[in-house]
Structures are given as structure tokens and as C-alpha cells.
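Below: the structure, in C-alpha cells.
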Amino acid sequence: MINFRIIHRFYLVGVLVLLLAASSLEAQEAMSLEKAISLGLENNFKIKVGEQNIRIASNNNTWARTGRTPTVDLNGVFSNTMINDNNEASFLNGAFYNGSLGASLDGRWTVFNGGRFQIAKKQLEQLVGQQEVLQSAESHNLIREIVQRYYEVLFQKERLEVLTEVHKLSQYRLQYEQTKQEFGASNSYNLIQFQSAILTDSTNLVNQRVQIEIAKRNLYNVLDLSGFPNYNFLDRLSVEPEQINSEKLKETLSEENYTLKSLMVIQELDQLNSELESVSGKPTISLSGTLGFSEGLFKFFKENPATGEQFKANFNNRLNLGVNANLNWNLYDGGVRKQNQQNAKIQEEISELNFLEATAELNNQLDILLTNYQLQLDLLKLTDDQIALAKRNMEMTDDLFKAGRVTSLDYRTIQNQYLNAAFNKVNAIYNLIITKSEIDWLTGRFVE
């Protein structure tokens, strides 16, 4: 006779467990890919350092750094001298004091230097651009790592789902076998085989949970998260196959790849250096001026032979004003300037060759990735057929096993085939996502 009171109690307990599980999930903060990227960009120390480097380069980007603006110095002097001269032949024979207090303003201004100011200013602007490119490249690299670490967590979770499904099948087969044994339709050997399968599946589950935790820690390290956060990853591992236009991607690579952008900045800096060397032989015209005032005191500690009185202290002052113009033109330096110009041109050619080499290598990498992406798309389609066949095989094997025409070992073999097929599909999805992330990174599309 069915005890409805007991059933009611079990129902209430089940509802309570579900409510507690739901509240636990709500307490966990959800982690999405967008949130992971936001946290990573906000916490990363290299990006913070890069921002400060941009500030330094921007602060240096002034005409004053090129030497174009005039400079003015304020100089002050306070001197004291006490002398006791016992030389009879000296005009001032005896003790005397000489002191002065003065100040001056000295100014210098380079009026013309053959266009070096303008070239130097362009170099400073390029250095700002170089720091901005390095900063963007650092963010770009970080986003790629976050994307791959995030999907690694989802990948390990999907593998856990597969193992959990296989474990449930093993439990179901064990329960079925135990029921058969109660009616004398099975033996201890078959029962031991299914118990062994459950132990193996349980061990695999524990090991897979460890892999999930490792994947999470790897992601948290990339995000620079301290402590032991317990985020809930709600996304499922999935992919939307894309038809990729290789020619368009190569155009995007040539414009947006950060390796090429960095090399382009270096190439432009070398071009400016060549321009700077080409005008190094032009004359320089500069102006300088000074305005000074000083007050002096002289005291001779001796009596005036004419009056018999001590000499009085003598105060004096001086005002000086000067303006000068200077022309400097190095007509011959033994050929050093010409050598520097030749070296600058050679370095410019080297930079261009480095850019062309990197362009060729990156295009080759893109071709390889695009080929891999298409092959992995084909592989993903095959895994769908493989897993469908494995499911059908398991259903047929289950019927044959119940009819006593298949042993427990044969059933386990078919079960492992299904496990491998499911793993192959998860692996195919994950590999496709990682390959796509490498394509996006290579073509500079993460910023978008």
C-alpha cells in the first residue's frame, strides 16, 4: 500500500533542496566573456603602466623639447674676500676686505637651425603614437588570452557534462543489473563489471572537476583577481560557423595588425632620423643676452697717512647689458656627417625590409589559420555524424544486452565509443573557437 504521507515529505524535501540550490546560484556572481574582458582591462598592471608611458610621451611632445623656445637663467652671486698682505712692494700693504652681491639674467635663443626643430617635433609626435600602439597591442594581446582562458573553462565544463551523462548511464545499467540479479537473471561477474565502470566514471568526474578549477584559476590570474572568487559560468560552449573572406581579412591584417603597426612607426621614425641627418650640415644662428647688476664693498683696514684716520669703506655698483649673435656652420668634419647620413638611409632600408618580412610571415600565418579553420569546420560536421551513430549504437547495444546477446564488457566498449565521440565534438568546438580567436588577434579585430 502506498504511503502518501511519506511521498509528501519527500516532495517537500525535494522542493527545499531545489530552493537552496537556486539561492546558492543567485549568491554566485555570474561571469560572462564581456565581464571578463572588462575586468582584465581594468586590473591589468601592464596596461596601467602603458597609460603612464603615454602620459610621459605626451608631456615630452612640446616645442621646448626640440630647443626652439628661448631659455632664461637667473644667476646670483655673493662673494667675500679677506686678505692680509704683508708684501712691502704691494700697493695695498695690509689687511683689507672685498665683497660683492649681484644678480644677472642670461637668455639664449636659437633662431635658425636648418629645420631641425620641425623634424624633432615630428619625432616626438611619433613617439606618442608609438606608445599608443604599444598600449593598444598590450590590450589586444590581453583580450586574446582572456578569450582563450574563458573558453577553456567552458570547454572543461562541457567535458564534465559528457562524463556526468556517461556516469548516469553506468548507474542506470548497474541498477538494472541489480534488479536482474534479484530475479536470478544475472550473475556477480556482470555486477562487478558495472560497479567497476561506475568507479572509473566517478574518478573521471573528480579529475574533471579539478581541471575546471585549474582552468578557472588560470583565468583569474589573467584577470589579476585576488583571493578565491567563485564565479558562476552560465554560458555553454557553442560556435557559429562563419564563411570567411580571406582577401578581405588580408586587407584588414595589413591595416590593423599591431606587429605591422609597430614596425610602421619604427619605419617612420627612421625616415625622420634620415631627414635630421640630411640637414645636419646647415648653419645655426643663435642670440644671447645678459642683464646684470652688482653692488660691491671695499674696506682697507689701515690709517690714511695724509689724515691719520682709518680709510672709509668704499661702496660701488655695476650695471651691465649685453646682446650677442652667433653663427655656427660646420663646413668640414672629416666625412663623419656624410657617413651618418648613409647609415641613416641604410637603417631606413632595414626597417622597410623588416616590415615586408613581417607582412609575408603574417600572411602565411593567416593562410594556415584559415585552412585549419575550414578543416575544423569539416571535422565538426563529422563529429555530429559520429555522435549520432554512437547514440544509435548504444541504443541497439542496450536492446541486445537486455536480450542477453551482448556481454557487459561489450556494453562498456560501446559506452566508451560514445564517450569518445562526445569528447571529439566538444574538442572540435573548442578548437574552432581557439582558431577563430587567433584569426581575430592576427587581424587586429579584438578592439572592435
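Applying the selection to region 419-448, what residues are aromatic (Phe, Trp, Tyr) and in a helix (DSSP H, G or I)? Hits for region 419-448 are Phe423, Tyr430, Trp441. For Tyr172, the conditions (1) hydroxyl-bearing (Ser, Thr, Tyr); (2) at pLDDT 80 or above; (3) surrounded by fewer than 18 Cβ atoms within 10 Å (Cβ to Cβ) all hold with the exception of (2). Among residues of region 167-192 that are free of Cβ contacts under 8 Å to residues at least 12 places away in the same chain, those with a Cβ under 7 angstrom from a residue that is surrounded by 16 or more Cβ atoms within 10 Å (Cβ to Cβ) and among the small types (Gly, Ala, Ser), sequence gap 6+ or separate chain, pair up as Lys180/Ser186. In this structure, Leu382 does satisfy being over 22 Å from Glu152 (Cβ atoms), under 48 Å from the mean Cα position of the chain (by Cα) and part of a helix (DSSP H, G or I). Checking each residue in region 77-108 for being of a type in the set (Asp, Glu) and modelled with pLDDT under 95 picks out Asp85, Glu88. Would it be correct to say that Asn343 is more than 31 Å from the chain's Cα centre (by Cα), surrounded by fewer than 15 Cβ atoms within 10 Å (Cβ to Cβ), part of a helix (DSSP H, G or I) and modelled with pLDDT of 85 or more? Yes, satisfied. Restricting Tyr430, Tyr411, Tyr418 to those that are within 30 Å of Glu251 (Cβ to Cβ) and of a type outside the set (D, E, K, R) reduces the list to Tyr430. Scanning region 149-163 for any residue that is surrounded by 20 or more Cβ atoms within 10 Å (Cβ to Cβ), of a type in the set (A, V, I, L, M, F, W, C), touching a helix residue (DSSP H, G or I) at 6+ places or on another chain (Cβ under 9 Å) and over 30 Å from Trp441 (Cβ atoms) turns up at least one such residue.
Looking at region 70-85, can you tell me whether even one residue there is of a type in the set (Ser, Thr, Tyr), within 30 Å of Phe301 (Cα to Cα) and surrounded by fewer than 11 Cβ atoms within 10 Å (Cβ to Cβ)? Scanning region 70-85, I find at least one residue that is of a type in the set (Ser, Thr, Tyr), within 30 Å of Phe301 (Cα to Cα) and surrounded by fewer than 11 Cβ atoms within 10 Å (Cβ to Cβ), so the answer is yes.
Checked against (1) under 49 Å from the mean Cα position of the chain (by Cα); (2) assigned to a helix (DSSP H, G or I), Arg108 passes all but a single condition, namely (2).
Exactly one residue out of Gly99, Gly94, Gly115 is within 30 Å of Lys282 (Cβ to Cβ) and touching a residue at least 40 places away in the same chain (Cβ under 8 Å), and it is Gly115. Checking each residue in region 282-327 for being touching a residue at least 24 places away in the same chain (Cβ under 8 Å) and either aromatic (Phe, Trp, Tyr) or part of a loop (DSSP other than H, G, I, E, B) (or both) picks out Lys282, Pro283, Phe293, Phe298, Phe300, Phe301, Lys302.
Among the residues of region 410-431, those that are charged (D, E, K, R) and buried (at least 17 other Cβ atoms within 10 Å of the Cβ) comprise Arg412, Lys425. Quick one: in region 402-428, which of the residues that are in contact with an Asp or Glu (Cβ under 8 Å, 6 or more places away or on another chain) and of a type in the set (A, V, I, L, M, F, W, C) is modelled with the highest pLDDT? The residue in question is Val426. When restricted to residues that are of a type outside the set (A, V, I, L, M, F, W, C) and surrounded by 15 or more Cβ atoms within 10 Å (Cβ to Cβ), region 289-307 contains 6.
The values are calculated or read from the model by the stated rules, or taken from the named source; none is laboratory data. Fair warning: this is a prediction, and the values are worked out from it, not measured in the lab. All Cβ positions, glycine included, derive from the backbone under ideal geometry; neighbour counts span all protein chains shown.
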